[in-house]
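The values are calculated or read from the model by the stated rules, or taken from the named source; none is laboratory data. Everything numeric in this text was worked out from a predicted model, so none of it was measured. Cβ coordinates were reconstructed from backbone atoms using ideal geometry, including for glycine residues, and neighbour counts include every protein chain displayed. We work out accessible area using only protein heavy atoms, side chains counted, and drop any ligands, DNA or RNA first. Shrake-Rupley method; radii C 1.70, N 1.55, O 1.52, S 1.80 Å.
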Amino acid sequence: MQRISSWKTGWQLLKTNCEGAIKQVNTSPATSRNYSNLPPHGSSSFGLLFDIDGVLVRGRTPIPAAKQCFRNLVDRNGKYKVPVVFVTNAGNCMRHTKAEHLSHLLEVEVSPDQVMLSHSPLRMFTQFHKMRVLVSGQGPVEEVAHNLGFQDVITIDMLREAYPLLDVVDHNRRPKDSIPPTKGLRPIEAVILFGEPIRWETNLQLIVDVLLTNGNSDNNWSSQQYPHIPVLACNMDLLWMAEAKNPRFGHGMFLVCLESLYKKITGNELKYEALIGKPSVVTYNYAELLIRQQAERLGWTTPVKRLYAIGDNPMADIYGANLYDRYLQASQRTKAQMQAKSGGGGIDPLAEAPKMTSEEAGGASGGFGVEVERPEGCSSMLVCTGVYSRDTQELPSDPEHTVTEQQIFHGHRDFHFDPSLMQPSYVVQDVKEAVELVFQQEGWPLE
């Protein structure tokens, strides 16, 4: 697709009313029972954003340091001392399922209100909620879509059953005798990519069919249908870390395949209405909202001053946290300038906005950016228990170096390549060391 040259577009997408976002975030009475502490005297307030895979777990196996570090995060009654949000690019389950899984593995109570999956910000995309949407991924994707607010949902399996001649790469799935009738469906109006599917060839084929027929698989392909119907993608991770020694393909790899196929067939770039999940800014903005709500339940009367984002993937976790830090810094400068010049003719509120495409902003058309007291910054903390390893991967030592994008940039095609954003604020061995360092930095006692 043509990359958006005006960074103001991305910034403006984040400068809209937050009331809708607050209404959309579900909270439960149980969450308030998990928090009880005020910041120690003389200490500052902060919030923690934890990645999951490669930081807390490897597949279904908890990382030993994870259990140890959470002993520092809860009091003797098992109540959290600071706001904690688990921010993962996984999206093949419901929030309550992921919360139950984490509670079991970490041996502390985790509320669904503390879990943010890659698709969680789709609650904000209300302009699509009444459209007929095709969803791709695995797990309970139909249930997930309905839970996010989408009312008219079609799965890949529903589509292939309605049009049994579309899915023929696997010879065993081809019709054997008579040609089955086509049921026909009302046209699809948007496509939502939740995560990597099980049968890539099926999903790739049917999604391309939908894009080239303007959502109606009864039509013939036409590359003239451009731009195509909206596509919203969650989770851009090219790689992720499970139990295997080496990283595994993630949803970002599926997106690369889909983009390549679409361009090969049509000559055009696949366009995204939204790219969400780390490292997009909209994901961190949503996570900040959850941190803010938890701080209120803690009884904190002062705003959260700093966020610490702990992750194992330089491209997703570190790049995203640093991009959000840049956004926060620009917000602080703009606020200071507006206060200094209030009554004196004012200034352009976008003058100090960070350079950011709409894709990096996340494509949100609403839900964020009201006048709230935002954190002063977001520090990125890279652990060595997942995708990143000191032994096998070097971080950019010179932000101005000229290494080519293809050599080290695993990020999505529509994101700016900025090597400086891959440089973490801190590199630590594991999550336990990360939490201990944060407590030390913020003047909190370790028990």
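Quick look at the numbers
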| quantity | calculated |
| --- | --- |
| Pick from the stretch 50-80, criterion within 25 Å of the chain's Cα centre (by Cα) and farther than 21 Å from TYR388 by Cα, ranking: surrounded by the fewest Cβ atoms within 10 Å (Cβ to Cβ) | LEU73 |
| Residue in the stretch 259-281 that is hydroxyl-bearing (Ser, Thr, Tyr) and closer than 23 Å to VAL55 by Cα present | yes |
| Condition check for LEU134: assigned to a strand (DSSP E or B), touching a strand residue (DSSP E or B) at 6+ places or on another chain (Cβ under 7 Å) and either surrounded by 24 or more Cβ atoms within 10 Å (Cβ to Cβ) or of a type in the set (Lys, Arg) (or both) | yes |
| Single match in VAL403, VAL387, VAL427, VAL383 (criterion: open to solvent by 50 Å² or more (accessible area, probe 1.4 Å), among the β-branched types (Val, Ile, Thr), at pLDDT 85 or above and at negative phi) | VAL427 |
| Filtered residues of the stretch 78-116 (kept if touching a Ser or Thr at 6+ places or on another chain (Cβ under 6 Å), over 22 Å from GLY299 (Cα atoms) and of a type outside the set (Gly, Ala, Ser)) | ASN89 |
| Hey, LYS341 among the charged types (D, E, K, R), surrounded by fewer than 21 Cβ atoms within 10 Å (Cβ to Cβ), closer than 27 Å to LEU239 by Cα and modelled with pLDDT under 90 or not | no |
| Hits in the stretch 245-277 (condition: touching a residue at least 40 places away in the same chain (Cβ under 8 Å) and small (Gly, Ala, Ser)) | GLY250, GLY252, GLY267, ALA274, GLY277 |
| Residues located in the stretch 310-338, provided they are open to solvent by less than 10 Å² (accessible area, probe 1.4 Å) and outside any helix (DSSP H, G or I) | ILE310, GLY311, ASP312 |
| Checking LEU105 against (1) out of contact with any Gly (no Cβ under 7 Å at 6 or more places or on another chain); (2) closer than 30 Å to THR202 by Cα, the condition it does not meet | (2) |
| Single unsatisfied condition, LEU134 versus (1) touching a residue at least 60 places away in the same chain (Cβ under 8 Å); (2) under 20 Å from SER380 (Cα atoms) | (2) |
